[in-house]
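Coordinate-derived values only; no laboratory data. These numbers were taken from a predicted model, which means no experiment stands behind them. Neighbour counts run over all protein chains shown; Cβ positions are idealised from the backbone, glycine included.
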Amino acid sequence: MSATVKTSYSPARRWKIGFDVVLRTALVLAVAVMLNFLGAKFFQRFYLSSQTRVVLSSRTVSVLHALTNHVAVTLYYDTKDNENFYPDIVALLNAYREVNKNISLRTVNYLLDAGEAEKVKEKYNLPASSESPNSPPSKDLIVFDGGSDRLPIVIPGDAIVRYKLEPTAPDNPKQKELQFRRKPIEFNGEVMFTSKLLALENAQPLKAYFLQGHGESSLTDESQFGYSKFNLVLAQNDIAVQNLELPGDSPIPLDCSLLIIAAPTVPLADEELQKIDKYLADGGRLFALFNYASKKRPTGLEHILQKWGVNVFYDCVKDRNINTDDVIVRNFSSHPVVNPLTQLALQMIRPRAIAKINLPHPPANAPEVDELAFSSDNSVLDGDPAPQPRRFPLMVAVEQKPVAGVANPRGNTRILVVGDSLFLGNYVIEGGGNRDFAGYAANWLLDRQELLAGIGPRPVTEFRLLLTNHQQQQLRWLLLGALPGGVLVFGWLVWLVRRQ
């Protein structure tokens, strides 16, 4: 008798099994897609990591609820760059979209899609890189487009994150030079994005005037003592700045929402002081900065500020805890200007003391005067012959509350006086919380509380895994060899069992 050999699987059975596998896979994918759609549309999202969860502040939510116009946001980004915080920006903007569907979002990778990138460049007139005319625009930009009747707002990606230099160990043990790396410490996406949405809602930006003609540094000066970076902070807060001179009978313009006087080195003329005095009496807003260069030469502003309860000392503050002229400010009051800085510090250079004048019997309608920031308890005045160490106030805020029956043409007076101007210059503004203070100060003076309360920078937490070269090699073999090999062996064993 001849034995008949029967095959394990007939061709028809194999086709049936293959069709069944494909059909089951398609059903699983369809169910996964539907669940993701329903979850995104109707259910609450859950985050396994605190770093990926985006919780918008109540102020941002209120701004988004008030937004009625369509805003198209374009991310002009290298999406493959691991250090530009692109995923965090996308997650934040998606949270904005969940609150208000009038916000749309798209990404253009200028490295992978040159044609679309060129269209974005032409549409928004993006600046070209300084390297060559044909190179891509400044790396990583966020564009807020509120429609044809509003100019688009472009935010550089580098402005979203604040860094500090951190010393690192050299790669070569024999190398003696200290190396540094840029460590991200704060993510300012919500502060900047919410301010841009507010700017798009306003037809005209608020205008600030920068007094010139008395030795003040320029807003366009890019040297270490210039204010080009300070000017950029104001622009990022939707404040248009223009230089101002007050010759002859020229008054302070009616559209002046904020007057900035940054450390004049020569006295102001009497007619200029009269105009500033009237501007404040009419409800103007003043940001006055002093420094050590004019401590022996009064500018005339000191007398005007005394009428508002502010005393500008002629001597500078010296912190005995520091061997340089720097004063690191870590003591703040709870005032809205400095309240967001409680986890930061200001870096000042030879600041002059600025104090509140305590009147024994102030009138009922006297302005509120608050001292905001202080030196350490081991500080002295450099002109005091017998110094007794104590802490000194370095800045003062003045606010005139509304008075019944009195309507000022410019509103209610607000004044901010600081004993240093160099800390907002290009060289020092990146130190500590100086840049943040500039934005908070301008927004408080302009009474834009929505950019102060409840919205602040988010700390950036880094997780670093330290491995030796041997451990890195073992991990590489594990990921590239052992895991894929184990899957192949397991599949081969399953195949043997099924064959039997």
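Note on S104/A235: beta-carbon distance plugged into 1/(1 + (r/R0)^6) with R0 of 30 Å gives a FRET efficiency of 0.75. Fewest-first ordering of R448, R106 by other beta carbons within 10 Å of each residue's beta carbon gives R106, R448. Residues whose amide H falls under 5 Å from that of F85, counting only those 5 or more places apart or on a different chain, are absent, with hydrogens built in the peptide plane. Taking the charge dipole of region 209-364 about its Cα centre, with +1 at Lys and Arg Cβ atoms and -1 at Asp and Glu Cβ atoms, the residue from P362, V233, L259 reaching farthest to the positive side is P362.
Go through 162-168, 206-212 and give me the packing order, highest mean Cβ count within 10 Å leading. Please report the intermediate quantities before stating the final value.
Numbers: 162-168: 12.7, 206-212: 20.3.
The packing order, highest mean first, is 206-212, 162-168.
When R476, R410 are sorted by how many other C-beta atoms sit within 10 angstrom of their C-beta, beginning with the fewest, the order is R476, R410. With contacts taken as Cα pairs under 8 Å at a separation of at least 6 residues, region 249-394 carries a relative contact order of 22 percent. Computed from backbone phi with θ = phi - 60° and the Karplus coefficients 6.51, -1.76 and 1.60, the 3J(HN,Hα) list for region 236-244 is 5, 9, 6, 10, 7, 10, 9, 5, 9 Hz; x is used for glycine and proline.
The Cα center of region 222-288 and the Cα center of region 57-84 differ in position by 32 Å.
Placing R0 at 56 angstrom, the Cβ-Cβ distance between A12 and V406 gives a FRET efficiency of 0.05 after rounding to 0.05.
Placing +1 on the Cβ of every Lys and Arg and -1 on the Cβ of every Asp and Glu, with nothing else charged, gives region 182-252 a dipole about its Cα centre of roughly 320 debye.
Under a point-charge model restricted to the Cβ atoms of Lys and Arg (+1) and Asp and Glu (-1), what is the dipole moment magnitude of region 205-447 relative to its Cα centre, in debye to the nearest 20?
Details: 21 positive and 28 negative charges, 90 e Å.
Charge dipole of region 205-447: 440 debye, to the nearest 20.
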